[in-house]
1. Of all residues in region 36-56, count the ones that are polar (S, T, N, Q) and either in contact with a Ser or Thr (Cβ under 6 Å, 6 or more places away or on another chain) or outside any loop (DSSP other than H, G, I, E, B) (or both).
2. Could you tell me whether VAL114 is closer than 22 Å to LYS43 by Cβ and either in a helix (DSSP H, G or I) or aliphatic (A, V, I, L, M) (or both)?
3. Within region 65-105, take every residue that is part of a loop (DSSP other than H, G, I, E, B) and touching a Leu at 6+ places or on another chain (Cβ under 9 Å) and give me the one that is farthest from GLY42 (Cα to Cα).
4. For region 26-46, enumerate the residues that are more than 26 Å from SER117 (Cα to Cα) and surrounded by 12 or more Cβ atoms within 10 Å (Cβ to Cβ).
5. Quick test of your reading of the structure: ASN83 fulfils all but one of (1) open to solvent by 30 Å² or more (accessible area, probe 1.4 Å); (2) farther than 21 Å from GLN3 by Cβ; (3) out of contact with any Lys or Arg (no Cβ under 7 Å at 6 or more places or on another chain). Name the failing condition by number.
6. If I go through region 86-95 residue by residue, how many of them are out of contact with any Phe, Trp or Tyr (no Cβ under 6 Å at 6 or more places or on another chain) and open to solvent by 10 Å² or more (accessible area, probe 1.4 Å)?
7. Look through region 47-80, keep the residues that are of a type in the set (Lys, Arg) and exposed (fewer than 13 other Cβ atoms within 10 Å of the Cβ), and return whichever of them is farthest from PHE37 (Cα to Cα).
8. For the subset of region 6-42 comprising residues that are touching a residue at least 12 places away in the same chain (Cβ under 8 Å) and on the phi > 0 side of the Ramachandran plot, which member is nearest to the chain's Cα centre (by Cα)?
Amino acid sequence: QVQLVESGGGLVQPGGSLRLSCAASGFTLELYNIAWFRQAPGKERERVLCISKSAPTSYADSVKGRFTGSTDNAKNTVYLQMNSLKPEDTARYYCAAGYWSCDDINYWGKGTLVNVSS
């Protein structure tokens, strides 16, 4: 059974930090390109970052300098460290895996909600 399960979401104040986790099962994450997406109500889905197998990690301009993606191959888990959070970061965050690229996703998690509010 192939799964991506996000965790770590919740309520955080503006300026605060949060770390999201995405645990994979049924496949090996290090063989895939890994992306984090987010979607707020009424807005289009946005790719936050892409952890590529063959290139440096890329970040959306909206999160560059504040968010950092990382991997722990031993745990088959990826992380999204979010710092200096803003209210506009409020969204449901999804991890996803694409064998060929971050533009062609094979597996999606169900997401975890992040609410940045005072």
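1. Of the residues in region 36-56, 1 are polar (S, T, N, Q) and either in contact with a Ser or Thr (Cβ under 6 Å, 6 or more places away or on another chain) or outside any loop (DSSP other than H, G, I, E, B) (or both).
2. yes
3. ASN76
4. PHE27, LEU29, GLU30, TYR32, ASN33, ILE34
5. (3)
6. Matching residues across region 86-95 total 5.
7. Residue satisfying both the conditions and the ranking: LYS75.
8. GLY8
The values are calculated or read from the model by the stated rules, or taken from the named source; none is laboratory data. None of the values given here were measured: they were computed from a predicted structure. Because the Cβ atoms are built from the backbone with ideal geometry, glycine has one as well, and the counts that use them run over all protein chains shown. Note: areas computed on protein heavy atoms with side chains; ligands, DNA, RNA excluded. Shrake-Rupley method; radii C 1.70, N 1.55, O 1.52, S 1.80 Å.
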